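For reference, the structure discussed in these notes is given below.
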Amino acid sequence: MVFSSYIFVFYFLPLALVLYYLWPWMAVRHVFLTLLSYIFYGWVNPFFVPLMLVSTLIDYIAGLVQAYDGFRGWNGPTPMLEAGAPRTRTQKAALVVSLCLNLGLLGFFKYFNFAAENFHALAQWMGVSQSEMNGALRVTLPLGISFYTFQSMSYSIDVYRGQARAMRSLLNYACFVSMFQQLVAGPIVRFSEIADQLRARSHSQDKFARGVALFSLGLGMKVLLANPCGKIADTVWNAASSRPLEAWFGLLAYSFQIYFDFAGYSEMAIGLGLMMGFVFAKNFETPYQADSITDFWRRWHISLSTWLRDYLYVPLGGNRRGEARTYINLMLTMLLGGLWHGASWNFLIWGGIHGSMLAFERHQKTNGFFGRWPRAVRVGLTFLVVMLSWTFFRAPDLPSALNYWGRLFALTPAQPGADLLSGVVYQPYYLFSIALAALVAWQSPTVWAWTQRLTWPKAAFCLGTLWLSLVVLLTQTYNPFIYFIF
C-alpha cells in the first residue's frame, strides 16, 4: 500500500484517524496504531510481518539487557546509562547481538541474490558450470527492510551510548518500529528523537492542520510532478536508441522524478505523523539548490546522511585522524551508503562518485580554491554531477548505465527512427511538467518552512493541490514509487 493511492487516502487513513482519536488513552491509541501499521506493512506480502516482529523483539530485549546489565531485576523505572562511562561485558554483548542479528537479516535478504549472481559469474568465468544457483535459493526483498533495520539499530546504539532511555513498554517500542507513516521509506526516525513523544505528546489543531498541508503538498509533488517526469524518463530509457538531446532530457526528467517521488513521500510521512501528534525531523531541504556535493548531502535524505555520519563516519574516526584518513572515511561511508540503497555494482559506483566528490571538495576547501566560483556556477556543476550519477540509480545494470552514458555524449550512434522519440517526449504536457518541476526545485522555499505558519491563502492552496492531485490520480495509470525497492 502506498500513500498515493485511493485505498489509502479514502479508506486506510480515515480508519486510522478515527480509531486513533476515538480513545483518549495513549496506550489504546498505540495498540491501534501498531496493529494498523502491521496491516499496512503486510498488505502486499503478509510473510514480511514476522520478520519485522523478530527484529523488534531482538532490539527490545537488547535494550533492556543493556539498561539492567543482565536478565535480572527488570522492575521499576528503566535506568539511563551514563554517557561515556565504561560498559560491562553483558552490555557490550547485548549491543553486539543486536547489531549482528539486524545486519545479518539485512545482509541475507538484501545481498544474498547479489552474492549468488556474482559467485555464479565468477564460477562461469573459471569454467565451473555446476555452480549455477538453483532458483529456489533466491530470496524476496522485504519492503522497507533497509529503513526499519537502521531505525531499529539506532535504538540499541542510543541506549548503549547513554543518549536514550531503554523502552520498558514492548507496545511503545513496537509502535516506534512499525509506525506506518515512516515504515517503508523513511524518514529514518532515530529513537532518541522520538522516545519522549512515545511516552507523552501533544495534539492540537495547528499540528493537525500542518500535517494535512504537508500531506497535500507531498501528494502534489508525487502525483503532479514525479509521475509525469517518470513517464518521460521511462520512455527515453526504454527506447532502443536516442539522440543526445533526448538522452539528456530523459536524464533530467529522471532527476526530477527521483527527487519529487522521494521528497513527496517524505513530506506525506511527516504530515501523517503530525496528524497523530508525532514531530519528525525534515528530510529534504531543496537539495538541487546545493552549491556542492557536501551541501547536497546536508539537504538530500537528511535522516540517512546524518545516520551515516553519526553511526558510521564518526565511529570510523571522522576527520580526527588526519587528512588522508578523513578521505578514506568519507569514501567508505558513501560506498556503504550506496550499498544500503541496493545490492548492485551500480549503487556501489554511485556511492563511489559521491564519496570521491566529498573528498575532493574537502581537499579543495582546505586549500582555499573551492569557494572562488560564482554560486550559480557551483549550483549548476553540482547538479550536473548529481544528475550524471543518477544514471547508475536508474539503469538496471552496469552495461545499461554505460550504454546510456554513450547516448548522452554521442558515443553510441543513434539508430534509424531515433528522431521519432522527440515527438513522444516533447508534448506540451510533458514540457510543462518539466518546467514546473524546475521552478519548484530551484525557486521554491522548503515545504517544511513554508507550512510552519499557515494562513488562509496557504490553506486554500494546499487543499486545492490535494483536490487536483486526487483528480489527476484518478486518470493516471502510471504511479510507481522508486524507494520501495530500497
Report task. Answer yes or no as to whether SER433 is in contact with a Pro (Cβ under 6 Å, 6 or more places away or on another chain), in contact (Cβ under 8 Å) with a residue 12 or more places away in the chain, in the same structural domain as TRP340 (by TED's automatic domain parsing) and in a helix (DSSP H, G or I). Result -> yes
Report summary line: Selection from the range 227-253 of residues hydrophobic (A, V, I, L, M, F, W, C) and outside any helix (DSSP H, G or I) yields ALA239, ALA240
Query - Residue in the range 48-74 that is farthest from the chain's Cα centre (by Cα), counting only those that are among the aromatic types (Phe, Trp, Tyr) and assigned to a helix (DSSP H, G or I) - result: TYR68
Query - Candidate set: the range 252-309, residues that are under 30 Å from LEU19 (Cβ atoms) and hydroxyl-bearing (Ser, Thr, Tyr); chosen: the one surrounded by the fewest Cβ atoms within 10 Å (Cβ to Cβ) - result: SER303
Requested in this report: Kindly indicate the residue of the range 170-224 that is farther than 21 Å from TYR21 by Cβ, small (Gly, Ala, Ser) and modelled with pLDDT of 90 or more and also surrounded by the fewest Cβ atoms within 10 Å (Cβ to Cβ) among those meeting that condition.
Outcome: GLY220
Query raised in the report: Given the structure, is VAL386 aliphatic (A, V, I, L, M) and either closer than 25 Å to PHE147 by Cα or in contact with a Ser or Thr (Cβ under 8 Å, 6 or more places away or on another chain) (or both)?
Result: yes
Requested in this report: Quick one: which residue in TRP456, TRP405 is in the same structural domain as ALA263 (by TED's automatic domain parsing) and more than 30 Å from ALA343 (Cβ to Cβ)?
Outcome: TRP456
Query - Residue that is within 21 Å of PRO428 (Cα to Cα) and assigned to a helix (DSSP H, G or I), where the choices are LEU217, LEU224, LEU274 - result: LEU224
**Report entry** Pick from the range 1-54, criterion within 21 Å of MET268 (Cβ to Cβ) and among the β-branched types (Val, Ile, Thr), ranking: modelled with the lowest pLDDT
**Finding:** VAL44
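The values are calculated or read from the model by the stated rules, or taken from the named source; none is laboratory data. Nothing here was measured: the structure is a model prediction, and the numbers come from that model. In this analysis, Cβ positions are derived from the backbone assuming ideal geometry, glycine residues included, and neighbour counts consider all displayed protein chains.
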